[in-house]
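Structure, as structure tokens:
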Amino acid sequence: MGLESTDYVFELMDSLTEAGYPTYIVGGAVRDMLLERPIKDLDVATAATPEELQEHIENNLQNFTYITGGEADKSISNLVSLVNFPNHKKGQPHDIEVATFRIDAGYEKDENGIPDRTRPLLKATKTLEEDVKRRDFTINAMAMDSSGNIIDLVNGQQDLENGVIRTVGKPSSRFAEDPVRMIRAVRFSTRYKFRMDSATRKAITDHLDWLDRISPERMRSELGQVLMNTHGFEELYDLGILPHIMIELEGIKTLRHNPKYHPEGTVYDHYVAMFNEYAGANRGLYEVPVKIQGYGKEDLLAWALLFHDIGKPMSAESSPKGDWFTFYEHELLGSTIFYDNYGSKAKDSPIHFSKNETMAITYTTKSHMAMFWDAKKFGKVTKLVADDNFELLTAVAYFDANHRPKGKSWDDRMEFLKGIRDEVEVRAKAEPYPKGFGKMIADGLNLQGPEIGEAVNRIKDLVLSGKMPSYEAALQYEIDKMKG
């Protein structure tokens, strides 16, 4: 909802309140207003049930539209109504969601008759006091009426002033209802530079196994937002959240680097320094010579950074004096770990990644070391820079080297890689990929499924590296090679 429609929100609130249905702006909008931060959306809660709200709008606010059918009916079943304002533009999403005051009434049962905590049952209630009890944190549980009066039933303003993240009621009860709140506690504390109260922290560390109930899609969304915040990585790690979800990262506080290459200390120290520099650049605190956004979802670079060294614990070998570790070919091991355990084809990945994101992170993890820094053969470098995810790789390589004296070595390497990439782009324009050539490759080489994509990449490499003058010649070369 655009904030230019605020007047309509207040009109709706006033009309419902005058009709005997107390209605308020609730949640994050109230919090951000008190923090004097930009407000993205207004969430509204009311004593009116969906049926009462629909009747009221149709009888008293004829220029407003109560939406029914399709997704709206699914939303209504969860006691959330979708409403459009008089200025609604056709084809745009609904203007606002209006939630009925709710209380939890248990959980739906699975096929074995066991309550499923991922599917809560909700029941309408008539009071804001009851509704507030089911909200996550005190700073998100305040309400505001249309006159701007704040209704604070849980001391949210005091926690906001003191910079404290505290659950509404018993922390374990709120986290049991929805374990995503454990990660959201970290998100709010790192976003606003607040501290979590001790009971909230303890409930997280005591119930890490509840994280297993979070869907891969929600895990991806919530963790990604935290990783983009300053101190997000270290909080997720120190609370045990990341080691629980990604067991390959256990023990990284004990793995000390060769100070010549990573003077920041352990693998954990390296991650902390790298993510904090990335978060600062992401917030625009300083400029960096690489692209931070523009890779699809806004958190993709954060995930590429998280997985780039996932192979270090399993590849660690103690130095002769035992004062630091080597991690030979950790990038190759790490790319395999990511692809097999977390990629789009992984059977039980706790985090969701699309096929394209899987290929991107596999590529950046595999290529961020020797391939990026040391490869000199034209064919190898051509394959590196011609990849669609090359810019993402340069960002990973830059932040990975954040505490090394990059200076001239970085500039020289980027000049070299850019020169090769420019040559590749000239060849790509001179010899564009033929339309329908994928089918010609499949037919010529008698390939199916993923083998076709692999052959396409091989043939592109042959042409873009200059080894073959055309795609047709490259295909014939592959056919001749197949025949022996």
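Every number here is computed from the coordinates shown, using simple stated rules; none is lab data. A quick note: this is a predicted structure, and the numbers were derived from the prediction, not measured. In this analysis, Cβ positions are derived from the backbone assuming ideal geometry, glycine residues included, and neighbour counts consider all displayed protein chains.
Could you give me D for the range 3-156, from Stokes-Einstein at 37 °C and 0.692 mPa s, where the hydrodynamic radius is the Kirkwood radius over C-alpha pairs? Units µm² s⁻¹, please. Please list the in-between numbers first.
On the way: Rh = 16.3 Å.
D = 201 µm²/s.
Sorting Ser215, Ser335 on the 10 Å Cβ count, fewest up front, what's the list? Intermediate results must be reported in sequence, preceding the final value.
Values: Ser215 12, Ser335 23.
Sorted ascending by nearby Cβ count, the order is Ser215, Ser335.
Calculate the tail of P(r) for the range 437-483: the fraction of all Cα-Cα distances greater than 16 Å, expressed in %. The answer is 26 percent, as a whole percent.
Basic side chains Lys and Arg get +1 at the Cβ, acidic Asp and Glu get -1 at the Cβ, and with that the dipole of the chain about its Cα centre reaches some 1700 debye.
Maximal additional length on extending the Arg458-Asn60 stretch stands at 136.6 nm, based on 0.36 nm per residue less the C-alpha distance.
Looking at the chain, do any whole DSSP H helices span at least 20 angstrom along their long axis by alpha carbon and average 0.0 or above on Kyte-Doolittle, and which? Display every interim value, and only then the final one.
Values: long enough: 267-282 (22 Å, -0.19); 407-430 (35 Å, -0.99); 450-464 (21 Å, 0.16).
The answer, listed by residue number, is 450-464.
State the extension gain, in nm to one decimal, for the chain segment bounded by Ala473 and Lys377, taking 0.36 nm per residue of separation less the distance between their alpha-carbons. Provide the component values of the computation, followed by the final result.
Working: separation 96, 0.36 × 96 = 34.56 nm, distance 2.22 nm.
Gain in length upon complete extension: 32.3 nm.
In the range 66-165, what GluC sites (Glu not before Pro) fall in a loop by DSSP, with at most 10 other Cβ atoms inside 10 Å?
Working: sites: Glu71, Glu97, Glu108, Glu111, Glu129, Glu130, Glu161; in loops: Glu111.
The qualifying sites are Glu111.
Among the listed pairs Lys253/Lys383; Lys355/Lys383; Lys321/Lys376; Lys366/Lys435; Lys345/Lys376; Lys377/Lys435, a Cα-Cα separation exceeding 26 Å is found for Lys253/Lys383; Lys321/Lys376; Lys366/Lys435; Lys345/Lys376; Lys377/Lys435. Computed over the range 131-189, the percent of Cα pairs more than 17 Å apart is 38.
Using just the C-alpha positions of the range 232-307 as equal point scatterers, what log10 of I(q)/I(0) does the Debye formula give at each q in 0.14 1/Å? Taken in order of the listed q values, log10 I(q)/I(0) reads -0.51. A straight Cα-to-Cα reach below 18 Å connects Lys481 with the lysines Lys460, Lys467, residues fewer than 8 places away in its own chain not being considered. The modelled label-to-label distance for the pair Ser344/Glu130, using points 7 Å beyond Cα in the direction of Cβ, is 4.6 nm.
Considering only DSSP states other than H, G, I, E and B, which trypsin sites (Lys or Arg not before Pro) in the range 294-402 qualify as loop sites with at most 14 other Cβ atoms within 10 Å? Intermediate values should be presented prior to the final figure.
Values: sites: Lys297, Lys321, Lys345, Lys347, Lys355, Lys366, Lys376, Lys377, Lys380, Lys383; in loops: Lys297, Lys321, Lys345, Lys347, Lys376, Lys377.
Listed in order of number, the matching sites are Lys321, Lys345, Lys347, Lys376, Lys377.
If each residue of separation counts as 0.36 nm, what is the full-extension length gain between Arg413 and Lys123 once their alpha-carbon separation is subtracted?
Between Arg413 and Lys123, full extension yields 98.2 nm more.
Using only side-chain charges placed at the Cβ, +1 for Lys and Arg and -1 for Asp and Glu, the dipole size of the range 405-447 relative to its Cα centre rounds to 120 debye.
Based on the Kirkwood radius over alpha-carbon pairs, what is the Stokes-Einstein translational diffusion coefficient of the range 232-417 at 4 °C with 1.567 mPa s viscosity, in µm²/s?
Working: Rh = 16.9 Å.
In µm²/s, the coefficient is 77.
Charges were assigned to the Cβ only: +1 to each Lys and Arg, -1 to each Asp and Glu. The resulting dipole of the range 318-425 about its Cα centre is roughly 220 debye. Taking only the Cα atoms of the chain, the radius of gyration and Dmax are 27.2, 85 Å.
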